Amino acid sequence: MSNVLAAYAHWLHLRWPAGRVEHLPMVGERGDTRLEGVYVVGDLAGVPLLKFALDTGAKAAKRCAQELRGSQSGAPDGDQKRASGAAMEGLLDVAIIGAGVAGMAAAIECAKQGLRFAVLESAKPFATIANFPAGKPIFTYPRRMTPDGHLQVGADVKEALIAELERQVAGFDIPVTTAVFERIERRGSALAVIGTGSEPLLARRVIVAIGRSGNFRRLGVAGEDLHQVSNRLHDPKVHAGEDVVVVGGGDSALEAAIALCTAGAKVTLSYRGAEFSRPKPENAEAIARLATASTPGLTLKLGSTVTRISAGSVELSAKGGPPETVPAAAVYVLIGREPPLDFFRKSGLAIRGETGWSGILGLVLFATFACLLYGWKSLGWANHAVEPTRWVKALDPLVASERNPLHWAVSSAHNPSFWVTLLYTSVVVGFGIARIRRRRTPYVTAQTISLMAFQCLPLFLLPEIILPWMNACGWIPHAMVANLFPDGSWWRAYGFILAWPLMAWNLFTDQPMWWWLGISIAQTLVIIPLIVWKWGKGAYCGWICSCGALAETLGDTQREKMPHGPGWNKVDLVGQGVLAIAVIILGVHVSHWIWPQVPSLTSFMSGWLRPAWHIGVDYVLAGALGVGLYFHMSGRVWCRFACPLAALMHIYARFSKFRIVPDKKKCISCNACTTACHQGIDVMNFANKGAPMADPECVRCSACVQVCPTGVLQFGEVDRQGRVLKLDALPASPVLMREARDQPLESMKS
């Protein structure tokens with residue numbers, strides 16, 4: 001049985017890799033941080049591209065100049081004199097930490113703006129590029145992008161790039177101070193950059209451009225500190241004719257292996273994964289060619305780990321096989337670096353994915369609020385203390401006529417669920433408008449309007465006001481009322497949109513509800529499968545469902561908090577268990593309807609299963625816990641891990657034509673798409689290979705498409721062989737939208 005379940009889990013979801021998200025400082029869209037006056041630019045702002053680094057550095061410097069001039073022009077004469085006096089005493093306008101491409105772009109802009117500034121660097125300008133292997137190819141994506149500011153790049157080889165950058169910087173007086181910096185702290189109206197063995201540097205603004213290059217990651221094995229082991233390849237030619245082991249699976253490792261092979265070395269490339277998922281397509285293809293060449297200089301060891309390094313050899317271990325010793329005159333461990341996060345922690349700047357005491361307190365308070373709110377709605381907690389009737393009973397005489405729609409609005413307001421649904425709807429609309437203004441793509445606009453419309457009309461006004469009013473006017477046939485809404489249970493109208501088993505209570509009754517069974521069969525077994533087959537699971541989850549409405553509006557800015565990784569991917573299968581329980585409960589009910597002698601669920605197992613479902617699923621999972629974790633684990637906690645309808649649609653989605661279609665030539669392995677996915681999908685893994693994204697978890701939120709800096713991703717349809725049939729006409733990528741606008745202009749010029 002366990003083998004069957006394991007095979008099912010592999011087929012459904014676990015067959016695809018689970019990406020991990022790198023922890024980086026929390027930075028706003030303009031590089032701003034929660035420490036006022038501090039900006040983060042370059043790689044640590046989210047996109048590891050030279051052009052983006054240049055762009056963010058120059059724009060941050062311009063922003064600082066605007067802010068400083070604005071504060072001085074609006075200051076009284078006395079304040080201006082004090083500011084001038086502080087400048088005379090050594091207060092800088094801007095301190096720039098880091099002399100890479102982003103830092104130097106900021107420095108040049110500061111010089112052009114006439115600001116008093118200094119650049120702090122622990123090594124030398126452009127040190128990261130200078131430490132690249134000799135002859136390393138440089139990818140200056142996006143090709144059409146022109147960064148803001150004076151500093152530009154166009155060279156495609158390391159040495160030419162450094163010469164190009166130094167030539168542009170030479171025309172400016174850029175003071176660079178060698179210093180090791182530890183933290184930033186506020187001192188009155190100034191910011192102090194604290195270094196090791198030097199006086200604090202005071203400035204009114206600070207631009208942090210230190211990049212992701214912190215300490216080298218280690219293997220943690222015996223022999224790692226031997227002299228032949230290095231974390232950086234300078235000149236591959238010195239290893240001509242030698243046996244060399246390269247460890248890693250990213251661009252640095254693959255480029256080193258390629259350079260060493262080209263220089264005449266015999267290379268063994270060891271990577272712990274079964275396949276490459278992060279390097280650029282060009283590098284992965286080059287490695288594949290070298291590994292299959294008729295006279296190979298490269299031996300590829302996928303799925304292997306280093307267990308010991310000795311003088312002249314390396315011991316590798318593969319899962320299920322005996323250890324293997326390979327010769328190695330030199331070993332290059334190129335498994336990346338840890339971002340310099342301690343600097344940000346000491347400066348009091350938040351790190352993405354880390355929760356301090358304030359975050360824990362916020363989680364507890366918001367989760368408690370959600371528990372109390374849903375407890376009041378679902379379990380009747382505090383009805384004696386929070387009695388809605390007290391608030392609205394004064395309006396009863398004014399709207400006594402049942403033919404008056406306001407009568408039913410007031411009548412519904414006697415129930416806690418009305419107020420909770422009103423709050424829910426208001427949040428969806430308010431945060432939905434904010435999302436439209438923030439994201440500004442036709443796709444997001446149409447999707448958000450759809451979610452708001454479904455929430456406002458069929459999921460609020462219809463059951464609370466419209467249906468009871470229409471019934472009072474005699475506009476609904478009696479048979480329909482008796483079979484769909486017995487005893488005035490208008491809340492059952494949620495079932496028109498929230499299909500079974502998400503809306504389970506229309507069928508989890510001892511009395512037969514045949515009409516709702518027919519509607520549920522049509523929804524769950526006919527309509528939704530067709531929708532999913534054509535447009536993917538997200539056509540329902542991302543465009544219709546009320547859970548998705550709250551996730552995509554209130555939870556939109558929290559999506560990067562969703563945990564990623566293999567362990568969390570297994571938690572996704574909890575929803576399959578909830579679905580199985582729902583099927584069993586439905587089977588018991590329908591059996592009782594057909595054969596009354598079969599015990600009803602009320603009597604089944606002493607009657608504990610029904611209240612357990614109600615409290616465990618309807619209240620805890622879908623309500624208090626799902627909403628309570630929004631600001632800690634993104635807005636899709638319930639949707640991803642426990643929703644039984646989503647679990648059913650995962651099965652349908654395995655046969656869907658919908659895919660996220662990548663253009664792998666544009667992929668730069670920045671991991672922005674995986675980071676933005678609040679379903680935990682490793683989107684980058686598919687994009688790097690040029691493979692349509694087939695993970696059924698996707699909810700079509702478009703976040704990955706929107707954040708991709710090079711326009712790699714689009715929504716589309718594929719056939720069974722993975723060939724693209726069509727692409728979505730509704731634009732979701734700002735990059736592709738800009739390219740589409742530029743093309744007509746280029747045609748006119750030509």
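The values are calculated or read from the model by the stated rules, or taken from the named source; none is laboratory data. The structure presented is a predicted model; accordingly, all values stated were derived computationally and were not measured. Here the Cβ is made from the backbone with ideal geometry for all residues, glycine too, and neighbour counts use every protein chain on show. Ligands, DNA and RNA are excluded from the accessible area calculation, which covers all protein heavy atoms including side chains. Shrake-Rupley method; radii C 1.70, N 1.55, O 1.52, S 1.80 Å.
Quick rundown of the values:
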quantity	calculated
Tally, over region 14-30, of residues that are in contact with a Leu (Cβ under 9 Å, 6 or more places away or on another chain) and modelled with pLDDT under 90	5
Entirely in region 137-255, the strands (runs of 3 or more DSSP E) that have 3 or more residues that are open to solvent by 40 Å² or more (accessible area, probe 1.4 Å)	176-178, 181-187, 201-208
Unmet criterion (only one of (1) at negative phi; (2) out of contact with any helix residue (DSSP H, G or I) (no Cβ under 6 Å at 6 or more places or on another chain)) for Gly348	(1)
So Pro696, is it within 23 Å of Arg20 (Cα to Cα) and not small (Gly, Ala, Ser)	yes
Count of residues meeting criterion [in contact (Cβ under 8 Å) with a residue 12 or more places away in the chain, open to solvent by 50 Å² or more (accessible area, probe 1.4 Å) and not acidic (Asp, Glu)] in region 706-745	7
Enumeration of residues in region 344-377 that are closer than 12 Å to His632 by Cβ, open to solvent by 30 Å² or more (accessible area, probe 1.4 Å) and hydrophobic (A, V, I, L, M, F, W, C)	Ile360, Leu361, Leu363, Val364, Leu365, Phe366
Scan of region 325-334 for residues that are of a type in the set (Val, Ile, Thr) and either over 30 Å from His234 (Cβ atoms) or open to solvent by 50 Å² or more (accessible area, probe 1.4 Å) (or both), ordered by number	Thr325
Out of Pro296, Pro339, sole residue that is of a type outside the set (D, E, K, R), open to solvent by 60 Å² or more (accessible area, probe 1.4 Å) and either assigned to a loop (DSSP other than H, G, I, E, B) or in contact with a helix residue (DSSP H, G or I) (Cβ under 9 Å, 6 or more places away or on another chain) (or both)	Pro296
Residue that is of a type in the set (A, V, I, L, M), open to solvent by less than 10 Å² (accessible area, probe 1.4 Å), in a helix (DSSP H, G or I) and under 27 Å from Ala446 (Cβ atoms), where the choices are Ala539, Ala582, Ala549, Ala499	Ala549
Close pairs (6 angstrom Cβ cut-off, 6 or more residues apart or separate chains): touching a residue at least 40 places away in the same chain (Cβ under 8 Å) in region 195-219, basic (Lys, Arg) and part of a strand (DSSP E or B) anywhere	Ser213/Arg337; Gly214/Arg337; Phe216/Arg337
Pairs where the first residue, in region 115-131, is farther than 12 Å from Val176 by Cα and the second is open to solvent by 20 Å² or more (accessible area, probe 1.4 Å) and of a type outside the set (A, V, I, L, M), C-beta under 7 Å, 6+ apart	Leu115/Asp93; Arg116/Asp93; Thr128/Gly100; Thr128/Ser213; Ile129/Lys158; Asn131/Arg232
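Quick grid of which residues meet (1) in contact (Cβ under 8 Å) with a residue 24 or more places away in the chain; (2) closer than 22 Å to Asn404 by Cβ; (3) open to solvent by less than 10 Å² (accessible area, probe 1.4 Å); (4) over 35 Å from the mean Cα position of the chain (by Cα):
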site	(1), (2), (3), (4)
Leu462	yes, yes, no, no
Ile466	yes, yes, no, yes
Met470	no, yes, no, yes
Asp556	yes, no, yes, no
